[in-house]
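The values are calculated or read from the model by the stated rules, or taken from the named source; none is laboratory data. Here the structure is a predicted model, which is why all the values come from computation and not from measurement. Cβ atoms come from the backbone with ideal geometry, glycine included; neighbour counts cover every protein chain shown. Ligands, DNA and RNA are stripped out before the accessible areas are found, and what is left, the full protein with its side chains, is counted by its heavy atoms. Shrake-Rupley method; radii C 1.70, N 1.55, O 1.52, S 1.80 Å.
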Amino acid sequence: MTPLLAEGTTRAAIGAAEGALQQGAWLLVALPLAGAALLLLGGRRTDAWGHWLAVAASWGAFVYGALLFLDLRSLAPEERVRDLTLFSWMPAGGFQLDAGLLLDPLSLAFVLLITFVGSLIHVYSVAYMEHDDDRRRFFAYLNLFVASMLLLVLANSYALLYVGWEGVGLASYLLIGFWNHNPVYATAAKKAFVMNRVGDFGLSVAIMIMFATFGTVTYAGVLPNAGEGSTNAMTWIGLALLLGACGKSAQFPLQAWLGDAMAGPTPVSALIHAATMVTAGVYLVVRSGPIYEAAPTAQLAVVIVGAVTLLFGAIVGCAKDDIKKALAASTMSQIGYMMLAAGLGGIGYVFAIMHLLTHGFFKAGMFLGAGSVMHGMNDSVEMRRYGALSGAMKTTWATFGLGWLAILGVPPFSGFFSKDGIIETAFATGEGWRPWVFGMATLIGAGITAFYMSRLFFMTFQGRKRWPAEAHPHESPSLMTVPMIILAVGSVALGGFLFVGGRFHDWLEPVTGAVEEHHPVIAKYPLMGLTLVLVAVGVALAWRQYWQAEVPQTAPRGSWITRAARKDLYQDDVNEAVFMRPGQYLTRSLVFTDTKGVDGAVGGLAAAVGGLGGRLRRWQSGLVRTYAASMLAGVVVLLLGVLAVRG
Amino acid sequence: MTPLLSVPVAADFVAPTVDYVAVLPMLIVFGAAIVAVLVEAFAPRASRFSIQVGVALVGLIAALGAVGKLIVDGTRVETAGIPAADGTLAASIVIDGPAIFLQGTILALSILAVLTMTERSTDGGAFTPQASAVPGSPGEGAARRVGLVQSEVFPLMLFSVGGMLMFPASNDLLTMFVALEVFSLPLYLLCGLARRRRLLSQEASLKYFLLGAFSSAFFLYGAALLYGFAESVRLADIAAAITGTGRPAVVGQDGLLLLGIALLAVGLLFKVGAAPFHIWTPDVYQGAPTPVTGFMAACTKVAAFGAMLRVVYVALPGARWDFMPALWGVAILTMVVGSVIAIVQTDVKRMLAYSSIAHAGFLMTGVLAIDKIGISGVLFYLFVYGFTTIGAFALVSLVRDAGEDGVGGEATHLSQWAGLGKRHPMAAGAFTLFLLAMAGIPLTSGFMGKYAVFSAAVSNGAWVLALIGVLASAVAAFFYVRVIVLMYFSEPSGSASVVATPGVGTLFAILLSVVVTIVLGIAPTVLFGPAEAASLFLP
């Protein structure tokens, strides 16, 4: 097995946190957590101003994060990894684990993304949830989510990461099922939770193997020594971590929950199921880079999972008529890109995280746009009932359009730099069949992405109007449009900003190590050209079919592949057939064994004892002569017993 | 013609010095018993009952106070009567740690028992107005109408308590036999005094007397054989003879020793209700007036196990390898028989009788540990079991048939207990607590008791006994919990039953039992400390 990434990388050593600013980094988590606690415990009294408190907590965390970022930036690159020990968490004999935070370029990149996008979505939600009776509870959950997510990315050990990991899972569950009076939504929340449990199981197994192998679960204890552990152990850790990442990031084969998760309010979809939580798996893989570098098999598995998911999501996205589900499929596909890049290692880490950031902006922007459309269309999500909304909601149309251009990878928008980087890296990494297979997957994925995103955009905003007479599409209030505009700015410029001059590459270097670029199997510029041609073809196809041609208001039957894609490529059916039904059979047979076997044995034993009792009872005849005789017999037996011992 | 009485008074007779303080508890109780007899003879009928209750309570409480003084003083007296040089008046009573602990336990329990015997608030009490009347005869009816009261129960009971105090403090086999008879004979009478179901009660009394006499004979014969072996009835002398350090035993007389041990054991095993000598227990427990059953179940067990501990630990340690296997068999049989037969009982008093047999088996595992922690475990177990039992029987005496004219006789059939939890939550709750304690559920005193004796058995290699004990406990838990289920989750099916409003005495007895059961379940060290400190026998 040849490693995908042969050369060793040097990563910066960890230093202790210095200065009041770094020492106070726990405030990042504490601020939104306090917000959540206040809102949940304060009850109805906080209804009037609670949402503004949540918004303030989130912005406060962003300001603190930005200050920390500037602080770290003022240091030399090799000093930018800082460890902050908070308190002794698990002092168990020989096992000492402190709760602590790790401040480094990677975690701070996430902190800025989470707090900035998160705060914008907080603001947006103030207007979006205005008419909901439980707005306060919604903001409490949002704050809880932000706190958990920050803990997840700031933790300095896998154990503390796990706490955040579970925290975001909980917040996700609560928010998907926020309108749980609708049984379908409640089921969706449960589905997300259960599928995440499968992934969490993988993460916990990985932590256990880590502890067995290294005797510690801190990054500082595990990652620098990953090369010294046996390849076998590293492979198992890597695969178990991948299982965890698949659950949280909706990657194949644990992707089925994401589409249903769109049951939550749209800001939730934007924040949790597009920009932040679902990218936690990518964070986990990048953070555990040294482990994967020591386990080529696991690394290959990551790439395969990414490639399968990116195509899977893209195909599903082509057939969805529900605007949020189409976006969810697209999210799945884009995270597939990130996962693939993270599995490639080296420069792949940089592009994975860069795409994660740009995607966080443009996808969140598009989700907010979708929310704005729904807001104006009486909460309808049916794209076949949209059409020609560009006139009615100009801001939404413009911001959504910029996001669309970004995800397509049209230069010079954000997505171009990050996605093109991934395609290039895929064509450049590994040897033999790998660059071709993985490269072609990303290339084809880009073409399909162009098709389905254009389809979505055209069906919604262009073509002929198909909405019913009672709909009165209108632009949303500025509390909603301003965040969308800000995110659109990111969609336009963030990619270029990060890419030009290797800015982001240099920033991440203390974490990923110095990386050199490889030469792709197809030359750089022809490859770029090829990508753009495919994108153009995708857009043209969508234009012909969904702008020029009449879009039927009820979906035509479609080819078998369309039908399969509408049903999410039968992922639920597969799950039901492979896991649910055998599981039910197993449960039923266990119940059967329990009632017939265990209960039968117990019942039989009880009956036997009862029968014995009934028989012995006859001894008690009530006749005193029988009693005396039985006593005498007892005396004889006792005498014989005593004598027999001596004899 | 030889003079009928030619033996001259020995010139060198030395009167035994008696440590009166040490034997004060027994003296007080016997004294109170004699006063009670006089009261019965001379006090006017109208005030007799209340005077008797007063005498009994004052006597028992004073005796308990005397025991308290012994505890406070830390008195340990080897012999109450210091023997003369030749030992003709052998040290017959020993007041040591176990004796003091057991006497205190017996006195505390008998005070509660007296309180339950005073219960007359509903239908004139548990005792027949005239014991000699033929059941159901016009004479009996007449006696009831004129309001005759059977107040002899109190002197009888005081004599019995006195014998019980003496039994575990006896330092030789003859004193022990006397004590045995002193506490047994009044009990035989008490059993026949039930107010209702007179025939059953009299039958129980007669059975108990016949079988008790039978077993006493074995005990006495065993004592005689041991005297033949050791030429002494003193426990310490027997122990010395067995080890060969005392008076040299005749070679080849081991048969005397072995048969003597076995026959002596029969007498003790009969009193504790161990299988196969348990067979009187259910009939007698069922037939006796319920307050007497409670008294008998609690106090007899304490006294008899105290005596068994003393015999095994003081007289026979040298011969333990001879009798242990047989007693192991008895213990196992007792646990199994008690637990298994209890399952099929339909009468709550009979069920509790079999439960007491099972408990005798559990207690024997502690005795057979042959270790200091075995002694303290048994002492603890006896204390907590005694309180649980008195409380349980006091409650049984309150659950009555719902007759046309208010409350009727005791509703002892289990089907009459169905649904009691809804109608009388307090009574059902207290009974549930006692049942859980008997089942040995944690946070009740019964759990700590079982834990104490089983752990003593395990740490001394008797893990087989402990294992069977645990299994038997599991079986026993079934029938205890079945009653709880019946009380709370079943609809009443049998004839209706009501819970009579208890008088002050019964109420106090039940409440104190509840408190002891809970407190010793949560803070067992309160009693474990004293039990451990008391667990040293003086020879």
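So, with +1 on the Cβ of K and R and -1 on the Cβ of D and E, and no other charges, what is the size of the charge dipole of region A:418-523 about its Cα centre, to the nearest 20 debye?
For region A:418-523, the charge dipole is close to 660 debye.
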field: Qualifying aspartates and glutamates (Cα of each under 18 Å from Cα of A:LYS394; at least 8 residues distant if same chain)
entry: A:GLU475
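Please report, in debye to the nearest 20, how large the charge dipole of region B:293-425 is about its Cα centre when each Lys and Arg carries +1 at its beta carbon and each Asp and Glu carries -1 there. It would help to have the intermediate numbers written out before the result.
Values: 9 positive and 7 negative charges, 65 e Å.
Charge dipole, region B:293-425, about its Cα centre: 320 debye, nearest 20.
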- request: Mind checking the full-extension length gain between A:ASP132 and A:ILE561? Use 0.36 nm per residue of separation minus the Cα-Cα distance, one decimal, nm.
  value: 150.5 nm
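Can you figure out the FRET efficiency of B:ALA142 with B:PHE508, using R₀ = 56 Å and their beta-carbon distance, to the nearest 0.05? Before the final figure, lay out each step's value.
Details: r = 34 Å, r/R0 = 0.61.
Efficiency for this residue pair is about 0.95.
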- prompt: Could you state the number of Å between the C-alpha centres of region A:258-293 and region B:185-240?
  reply: 84
field: Filtered chymotrypsin sites (Phe, Trp or Tyr not before Pro), region A:20-90: DSSP coil and at most 15 other beta carbons within 10 Å
entry: A:TRP49
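Which longest uninterrupted range of chain A lacks any trypsin sites (Lys or Arg not before Pro) assigned by DSSP to a loop state (not H, G, I, E or B) and surrounded by at most 16 other Cβ atoms within 10 Å?
Numbers: sites that count: A:ARG464, A:LYS465, A:ARG557, A:LYS567, A:ARG618.
Here the longest segment lacking exposed loop sites spans A:1-463.
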- prompt: So if R0 is 51 Å, what FRET efficiency would B:LEU210 and A:ASP599 give, r being the distance between their Cβ atoms, rounded to the nearest 0.05?
  reply: 0.65
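Enumerate the helices in chain A for which the Kyte-Doolittle hydropathy averages 1.6 or more and the C-alpha atoms extend at least 15 Å along the helix's axis, using complete DSSP H runs. Spell out each step's value before the answer.
Details: long enough: A:26-42 (23 Å, 2.26); A:50-73 (34 Å, 1.07); A:105-128 (34 Å, 1.80); A:135-154 (28 Å, 1.30); A:158-176 (26 Å, 1.33); A:183-214 (45 Å, 1.00); A:231-248 (25 Å, 1.03); A:296-319 (35 Å, 2.00); A:323-344 (32 Å, 0.88); A:347-376 (43 Å, 1.08); A:394-408 (21 Å, 0.91); A:414-428 (22 Å, 0.47); A:434-461 (40 Å, 1.04); A:478-499 (31 Å, 2.03); A:524-543 (28 Å, 1.69); A:581-592 (16 Å, -0.22); A:599-617 (26 Å, 0.62); A:624-646 (33 Å, 1.77).
The answer, listed by residue number, is A:26-42, A:105-128, A:296-319, A:478-499, A:524-543, A:624-646.
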- prompt: How far, in degrees from 0 to 90, does helix B:45-73 lean away from the longest principal axis of the Cα atoms of chain B, to the nearest 10?
  reply: 50
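Greater than 23 Å separation of Cα atoms is the criterion. Which listed pairs, A:LYS320/A:LYS363; A:LYS248/A:LYS363; A:LYS190/A:LYS567; A:LYS324/A:LYS524, meet it? Intermediate values should be presented prior to the final figure.
On the way: A:LYS320/A:LYS363 17 Å; A:LYS248/A:LYS363 18 Å; A:LYS190/A:LYS567 20 Å; A:LYS324/A:LYS524 35 Å.
With Cα atoms farther than 23 Å apart: A:LYS324/A:LYS524.
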- line: Output for region A:378-481: chymotrypsin sites (Phe, Trp or Tyr not before Pro) sitting in coil per DSSP, at most 15 other Cβ within 10 Å, listed by number, reads A:TRP433
field: Among A:MET484, A:GLY501, A:GLY558 the positive-end extreme of the charge dipole of region A:454-577 (Cβ point charges)
entry: A:GLY558
message: Need one number: nm distance between label points at B:ARG45 and A:LEU21, each 7 Å from Cα along Cα→Cβ, rounded to one decimal.
response: 10.6
message: Suppose all protein chains stay in the model; what accessible area per residue would a 1.4 Å probe give for chain B, in Å²?
response: 36
message: Take A:GLU78 and A:PHE201, extend 7 Å from each Cα along the Cα→Cβ direction, and tell me the distance between the two endpoints in nm.
response: 4.6
- request: Give me the distance in nm between label points sitting 7 Å out from Cα along the Cα-to-Cβ direction at B:MET426 and B:LEU199, one decimal.
  value: 3.8
message: Just to be sure I understand: if you take the accessible area of chain A alone plus chain B alone and subtract the pair, with a 1.4 Å probe, what total do you get in Å², rounded to 100?
response: 2800
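Rounded to the nearest 20 Debye, what is the dipole magnitude of region A:222-366 about its Cα centre when Lys and Arg each give +1 and Asp and Glu each give -1 at the C-beta? Present the calculation step by step, with values, prior to reporting the outcome.
Values: 6 positive and 5 negative charges, 46 e Å.
Computed about the Cα centre, the dipole is about 220 debye.
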query: With Cβ to Cβ distances under 15 Å as the rule, what net charge do the other residues near A:ILE448 carry (K, R +1; D, E -1)?
result: +3
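What FRET efficiency comes out for the pair A:PHE87/B:VAL21, r = Cβ-Cβ distance, R0 = 60 Å, nearest 0.05?
Efficiency for this residue pair is about 0.45.
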- request: Using +1 at the Cβ of each Lys and Arg and -1 at the Cβ of each Asp and Glu in region A:417-556, identify which of A:GLY421, A:LEU534, A:PHE438 lies farthest towards the dipole's positive end.
  value: A:LEU534
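Going by the alpha-carbon gyration tensor, a ≥ b ≥ c the square roots of its eigenvalues, is the protein assembly as shown rounded (a/c under 1.5) or, if a/c is not under 1.5, prolate (a/b greater than b/c) versus oblate?
On the way: a/c = 3.37, a/b = 2.63, b/c = 1.28.
Since a/c reaches 1.5 and a/b is larger than b/c, the shape of the protein assembly as shown is classed as prolate.
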- line: Test assert for region B:302-341: residues whose accessible surface shrinks by at least 40 Å² between chain alone and all chains, 1.4 Å probe, equal B:ASP322, B:ALA326, B:VAL340, B:ILE341
task: Work out, step by step, the length gained on full extension between A:HIS181 and A:LEU67: first 0.36 nm times the residue separation, then minus their alpha carbon distance; give nm to one decimal.
output: 36.8 nm
- prompt: Under a Cβ-Cβ cut-off of 12 Å, what is the net charge of the residues other than B:ILE357 that fall near it, where Lys and Arg count +1 and Asp and Glu count -1?
  reply: +2
- request: Taking the convex hull of the Cα atoms, report for region A:411-474 its projected area averaged over all directions, in nm².
  value: 6.2
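Report the full-extension gain for the segment A:LEU586 to A:ILE485: residue separation times 0.36 nm, less the Cα-Cα distance, to one decimal in nm.
Numbers: separation 101, 0.36 × 101 = 36.36 nm, distance 5.28 nm.
Gain on extension, A:LEU586 to A:ILE485, equals 31.1 nm.
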- request: Identify all lysines with a Cα-Cα distance to B:LYS450 below 26 Å; exclude those on the same chain that are fewer than 8 residues away in sequence.
  value: B:LYS271, B:LYS301, B:LYS349, B:LYS372
task: Considering Cα pairs under 8 angstrom that are at least six residues apart, work out the relative contact order of region B:238-325 and quote it in whole percent.
output: 40
Tensor-based shape of region A:419-533 (alpha-carbon gyration tensor, a/c under 1.5 rounded, otherwise prolate or oblate): oblate
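Taking only Cα atoms of region B:451-539, what ratio of Rg to Rh do you get with Rh as the Kirkwood inverse-distance radius? Intermediate values should be presented prior to the final figure.
On the way: Rg = 19.1 Å, Rh = 17.2 Å.
Rg/Rh: 1.11.
Pop out the carbon and sulfur fraction of the accessible area of region A:386-457 as a percent, whole number, probe 1.4 Å. All intermediate terms of the calculation are to be shown ahead of the outcome.
Values: 1420 of 1880 Å².
Roughly 76 percent, rounded to a whole number.
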